[in-house]
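See below for the structure under consideration.
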Amino acid sequence: MSPLRQALFDYLAVRRSLGFKLGRAEGLLVQFVSYAEERGEQHLRISTMLHWATLPVNTHRNWLAKRLSIVRGFASHLHNRFCDRSAANRSVAVATMSRYSLPLLR
């Protein structure tokens, strides 16, 4: 089993444990990982994600956006899982979110 496929199964397990159903998303992600493996890739690449997401020709742009959105979620999971800086980035994001200003109501 390739590292990408193992990462996919881990991602799906995490999402299911959080209560997501993943019917269509699982099928699309399996297709994407198969596509990436056929290209001989061991890492996710933006160019591969974009090319796969836009493969269906004469398709409505909402469907293409959905395909890309699903793959972006998987890529985000992998980035947060393997990037050493992810914990620091999350703490900065939480700290900046708590300092938003309230709108002035008159």
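We did not get these values from a lab; they are worked out from the coordinates using the rules stated. These numbers were taken from a predicted model, which means no experiment stands behind them. Note: ideal-geometry Cβ built from the backbone for every residue, glycine included; neighbour counts use all protein chains shown.
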Q.
At 0.36 nm per residue, and after removing the present C-alpha to C-alpha distance, how many nm does the segment from Met1 to Gln42 gain when stretched out fully?
A. 13.6 nm
Q) Efficiency by 1/(1 + (r/R0)^6): what FRET value for Leu64 and Arg16, r their Cβ-Cβ distance, R0 = 35 Å, to the nearest 0.05? A) 0.85
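Can you give the Rg to Rh ratio of region 3-83, both from alpha-carbon atoms, with Rh computed by the Kirkwood formula?
0.95
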Q: Highest first, please rank the peptides 29-38, 13-22 by the mean number of other Cβ atoms sitting within 10 Å of their residues.
A: 29-38, 13-22
